[in-house]
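Please treat every number below as a calculation from the coordinates, not as lab data. All figures in this text were calculated on a predicted structure; none of them were measured in a lab. Cβ: placed from backbone, ideal geometry, glycine included. Neighbour counts: every protein chain shown.
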Amino acid sequence: MDFRLYYPPFLLGLSRVIDALLALGGFAILTLVFANATLRSVAGFDLAWSLEVTAFLLLWTTFLGCAAVTARGAQMRVTEIVDILFSPRAKALLEHAINLLIAALLLSLIIKGISISGHTWRQSTTVLYWPVGLLYASMPAGMALSLMFHLFNSWLVLRGVPMTDGGGA
């Protein structure tokens, strides 16, 4: 159910940028953890800053990953029971109701995330002295991107655009 085939250039480009950031973030996490573990076992010391950077990257890749999944329409769905119990019209109405519920949930996560990030912005991390709010800003940023993709995907569903099963851009 890859919606990206129908995305305008801006959304498709944004999806590709997020994918590239996820690849870079994953590689950086892997490299930092491996280097730190190697230094700890071979040289007897570790890089204290690498733990903070890894935590930062883990949070940001997690929430950017939510946006990447939403762009693809790849959220987990269990449709067997709905297929058995509901008519096609009822399934369509249920789909629209679920899309509205998801949009409301994403909006509430954005609002709560902004609040948490704002309240922790003046606190600093121990080693790098980065604002703690920068870590927590990953949630509203990722959820805002997810909401943008979700709203466009919902609009496509409302228009009756057929969903593809992979092979996206």
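Here are a few things to note about the model shown:
- Sequence of VAL42, VAL127, VAL53 once ranked by neighbouring C-beta atoms within 10 Å, starting from the fewest: VAL42, VAL127, VAL53
- Placed amide H near ASP2: partners under 5 Å, 5+ positions off or other chain: THR164, ASP165, GLY166
- Against the chain, whose longest principal axis is taken from its Cα atoms, helix 138-159 shows a tilt of about 20°.
- Less than 5 angstrom separates the built amide H of SER124 from those of VAL132, all sequence-distant by 5 or more or on a different chain.
- Here Cα extents along the principal axes in Å was calculated from the structure, and among (i) 38, 36, 31; (ii) 64, 35, 34; (iii) 71, 38, 21 it sits at label (ii).
- Each stretch of four or more DSSP H residues adds -39500 (n - 2.57); spread over every residue of the chain, this sum gives -25500 deg cm²/dmol at 222 nm.
- Rounded tilt (10° steps) of 9-42 against the dominant C-alpha axis of the chain: 30
- Structure remark: mean-square fluctuation, Gaussian network model of the chain, C-alpha springs under 10 Å; the largest value among THR70, THR54, THR31 belongs to THR31.
- 3J(HN,Hα) along the range 119-129, derived from phi through the Karplus expression 6.51 cos²θ - 1.76 cosθ + 1.60 where θ = phi - 60°, amounts to 6, 10, 5, 7, 7, 10, 6, 5, 9, 8, 6 Hz, with x in place of Gly and Pro.
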